[in-house]
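Working notes, structure below.
The values are calculated or read from the model by the stated rules, or taken from the named source; none is laboratory data. Because the structure is a prediction, the values reported are computed rather than measured. Note that each Cβ is placed from the backbone with ideal geometry, even for glycine, and that neighbours are counted across all protein chains shown.
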């Protein structure tokens, strides 16, 4: 699974990174959240926007939510709105979420091992579908996505996790976590969990702020270069994280230089000759969570062994010096609360003694 930003306005229209489907908005009022807050449920109406500014308005909290994948599911669980989730696609594997979150996630009905089939989604009984895949081609083997008219006919409001869905079309590189924070803020407003959302966002800002204070003064040319090795994406041709991907922000905030920060977009297949030309100081072994510590260690070992034995990569500076970071893919490349923790984890390795 690969989740694919700009900051939204936060006054009358909550443009946090939770986006609405272009044709799914309630049009019973002006679409603005201002001026009418006292007319309905406390804290509502709430309006969110999509990447193009189209609006969807909620007059009360959704009661039956379906999530397209584990990223939006995890955010809802962290917000305390997990009891409203009636189904998901791309479910998190057992053991891949921490503690109680994992137990809750395993109780959510799986509507699709990957993309939820169109008929199953439309017939799910959901009143909200949170989508992460706006910029992905949903045709062919991935299944057909419902049209906005079909969502509306089924009574389902269609919104997006903008920090991933809109990333590829962002107008500028992503170098901070404001998009993720806006997602959390918007999700909190929509689900009536704004207080928890603020707590989560404040925690992220505190963590990242401490790192920036410790390493932010390091001149750009003195910051170590960094390559995210997406081992699970295949080794024949490496998949680079580019400057619109949240991993670019994570790497940048940690005081490193993403060696593919000159690539406009979220992901791009490159050649090993491109990696060799960059000759990074550090390599992150980005493997996906297998669900337990033993399996994860085995995957990290395999990724390292491949780099050390492959003729094209064993001469890289980071490989020869053993400069590897064992940090999972999800917390680096998928928008969420743990992005901030990953910033701290990377910085602790790259700047020993300065962070922590």
Original post:
Within the group 186, 194, 178, which residue is modelled with pLDDT of 95 or more and more than 19 Å from the chain's Cα centre (by Cα)?
Top reply: 194
**OP:** Answer yes if at least one residue in segment 124-141 is modelled with pLDDT under 95, assigned to a helix (DSSP H, G or I) and either surrounded by fewer than 17 Cβ atoms within 10 Å (Cβ to Cβ) or in contact with a helix residue (DSSP H, G or I) (Cβ under 6 Å, 6 or more places away or on another chain) (or both), and no otherwise.
**Re:** yes
Original post:
What's the number of the condition residue 168 fails, among (1) closer than 23 Å to residue 266 by Cβ; (2) assigned to a helix (DSSP H, G or I); (3) more than 19 Å from the chain's Cα centre (by Cα)?
Top reply: (3)
Original post:
If residue 314 passes every condition in (1) surrounded by 22 or more Cβ atoms within 10 Å (Cβ to Cβ); (2) in contact with a helix residue (DSSP H, G or I) (Cβ under 7 Å, 6 or more places away or on another chain) but one, which one does it miss?
Top reply: (1)
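For segment 262-286: of the residues being assigned to a loop (DSSP other than H, G, I, E, B) and out of contact with any strand residue (DSSP E or B) (no Cβ under 9 Å at 6 or more places or on another chain), which is nearest to residue 346 (Cα to Cα)? Step through it out loud before you land on a result.
Step one: of segment 262-286, the residues assigned to a loop (DSSP other than H, G, I, E, B) are 262-266, 270-271, 279-281, 286.
So of that shortlist, the ones also out of contact with any strand residue (DSSP E or B) (no Cβ under 9 Å at 6 or more places or on another chain) come out as 262, 264-265, 271.
Values: 262: 21, 264: 23, 265: 23, 271: 25 Å.
My answer is 262.
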Subject >> Residues satisfying the stated conditions in segment 294-330, i.e. modelled with pLDDT under 95 and not in a loop (DSSP other than H, G, I, E, B) >> reply: 330
**OP:** Would you mention how many residues in segment 193-216 are closer than 13 Å to residue 78 by Cα and outside any helix (DSSP H, G or I)?
**Re:** 1
